[in-house]
Each structure stands twice: as C-alpha cells, then as structure tokens.
Amino acid sequence: MKQSIQWHGIPTKEMRPYRKYINREHPGYCGTYVSAVMIHYMVQSQRQYSLSMPLLLSALKGVVDLRLPYIGTYARDLVSGMNELLDEDIYQAHWRYHHRGFIQEKLNNTSPLPIIVGTLSLFGSSYGNHWLLAYAYGYNSDGKLYYKCYDNHGKIDAVIPASQLAVIVWLERKEQIDKRI
C-alpha cells in the first residue's frame, strides 16, 4: 500500500498484544483466533478484566472450529460459538453480509469494538477464504475503502480492500438490540 491513508477506529497500538497469537495449525483455525481476539479486546477495553488468551483460544476452538464435521467455518459457526461462550453476558454476536457503511459506523462509536471480516478468494483476496479482525478503516486518495486488520498470521496491520469482504461478524450489547426491536 503505497498511498497514504488516514485511519479511523481503534489505534494500532491497542492490537499489539495480539501479534503473538498466530494460527500455525493446519488446516487452520482462523475463526477461533479472530473470535478470541474480539472477545478478549471487549473484556479488556470495556470491563478492564484480566482474561487468559490461551484459555479463551482453547475454549473457543471447541465451539467454533471443531463443533461440526467440516473443515473451515462459516459466519454462523463463529456467532453460535461466541454466543455459547458469552451465554448470559450483556454482549451477543451477530453476522450479516458485508454492507458498506456498517463497519465504519461501528468503528466510529465512542468505545468501538473490532469487527470480524471474511474475505473470499473469489473476490481476489490474497488471503483466500479467511477470517480477519478489522479495527480501523480509511480511504485512499482515489476514494477506495480499506480496512486495517489483525490477520492471525502474525500481522496486526494488514491492509485489505473492502471489495474483498463477503461477511462480517460483530458483538453488540443486548440493550442496544432491545432498543431496535
């Protein structure tokens, strides 16, 4: 990425603790890693609780990536696994097909949470079909939208074009859901 982009959302420095969480297993558990980082970030930033990332990764692996007898995960797998783990919590996971404006709106909140984004090889993603965690967005000088992400391969500042996304998963407070109903 040669063009300068002004980023909005969560500062990159807040993602630094997650750089060491690298998905090294094959076939890979990218859904587990991004779900764990998203929940861990929520607990650390919204509640100031201490939470073990290795324990969280272990707990989520069983309910996200290993629950069903197929390789890989769909958005519903991430959502059902996180909601099972969060159970009585005030946060609930949701998914939808990527919609421009939605991620930017969430990252512009006063206390934003990162959002899981699913890329597709069909859309030209160098990651192929993969889950990443977007925490900032920006536009280049041509007006093209990009997201800055934790990629669970060792980068916390991976930049991906919005055009490569298919699905998003996010956490929302249950009280916000109740207000919409």
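Read-outs throughout are calculated quantities, based only on the coordinates presented, and are distinct from any laboratory measurement. Owing to the predicted nature of the structure, the values given are computational and were not obtained by experimental measurement. Don't worry about glycine lacking a Cβ; one is built from the backbone with ideal geometry, like all the others, and counts go over all protein chains shown.
Among strands (runs of 3 or more DSSP E) entirely within region 78-177, having at least 2 residues that are surrounded by fewer than 20 Cβ atoms within 10 Å (Cβ to Cβ) singles out 91-97, 130-139, 158-161, 165-173.
If the condition is being touching a residue at least 60 places away in the same chain (Cβ under 8 Å), farther than 30 Å from LYS144 by Cβ and crowded, with 19+ Cβ neighbours inside 10 Å, then region 1-51 contributes only ILE39.
Put simply, of SER4, SER58, SER35, SER50 the only residue that is out of contact with any Phe, Trp or Tyr (no Cβ under 9 Å at 6 or more places or on another chain), hydroxyl-bearing (Ser, Thr, Tyr) and not in a loop (DSSP other than H, G, I, E, B) is SER58. For beta carbons closer than 8 Å, sequence separation of 6+ or different chains, a first residue in region 52-63 that is buried (at least 17 other Cβ atoms within 10 Å of the Cβ) and a second that is part of a helix (DSSP H, G or I) and among the charged types (D, E, K, R), the qualifying pairs are VAL63/GLU84. Quick one: is THR73 of a type outside the set (D, E, K, R) and in a loop (DSSP other than H, G, I, E, B)? In short, yes.
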